[in-house]
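I have placed the structure first, in the form of C-alpha cells, so that the comments after it can refer back to it.
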Amino acid sequence: MELEPMQEYLVSNVERPCEMRENKTHRQRTYRFPNGFGASAVSTHFSYGGREGLWEVAVMSGDDIRYDTVIGDDVVGFLNDDELGDILVRIYALEGES
C-alpha cells in the first residue's frame, strides 16, 4: 500500500543531514492513530535497512515502543515505502487503547 492514505495521521516528518555520515540523510516520521496506537518510522545509517534507504518502524503507545502486539515483538526493518504503508494500515487496525 502506498503511504498517501496515511498522511492524515502523520504528525511529524523530519529529514535532516546525518551528523555522523557525509551525504547521508536521517528521516523520521511519526504517526498517531484514533485507536491510541502510533508508529515511529526511521531511516538512518543506524536503523535496520537505513543504509539501503529503507524504513524501520516501531509500534508506539504514547512515547513508548510496544513489543507485545500482533505486528511483532520488536521493531520491523528493511521496509520499502509500500511495505511501510502495509504495516501502518495494520497498526491503524489494532484493537484500540482509547
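Specify which of the listed residues (GLY96, GLY77) is outside any strand (DSSP E or B) and of a type in the set (Gly, Ala, Ser).
GLY96
Of everything in the range 9-65 that's among the basic types (Lys, Arg) and at pLDDT 95 or above, which residue is surrounded by the fewest Cβ atoms within 10 Å (Cβ to Cβ)?
ARG32
Please specify each residue of the range 29-46 satisfying the condition of being over 12 Å from LEU79 (Cβ atoms) and polar (S, T, N, Q).
THR30, ASN35, SER40, THR44 - these are the residues of the range 29-46 that are over 12 Å from LEU79 (Cβ atoms) and polar (S, T, N, Q).
Mind listing whichever residues of the range 42-64 are outside any loop (DSSP other than H, G, I, E, B), touching a helix residue (DSSP H, G or I) at 6+ places or on another chain (Cβ under 8 Å) and of a type outside the set (A, V, I, L, M)?
SER43, TRP55, GLU56
The values are calculated or read from the model by the stated rules, or taken from the named source; none is laboratory data. Predicted model, so just to flag it, every value in this text is computed and none were measured. Using ideal geometry, Cβ is built from the backbone for each residue, glycine included, and neighbour counts are taken over all protein chains shown.
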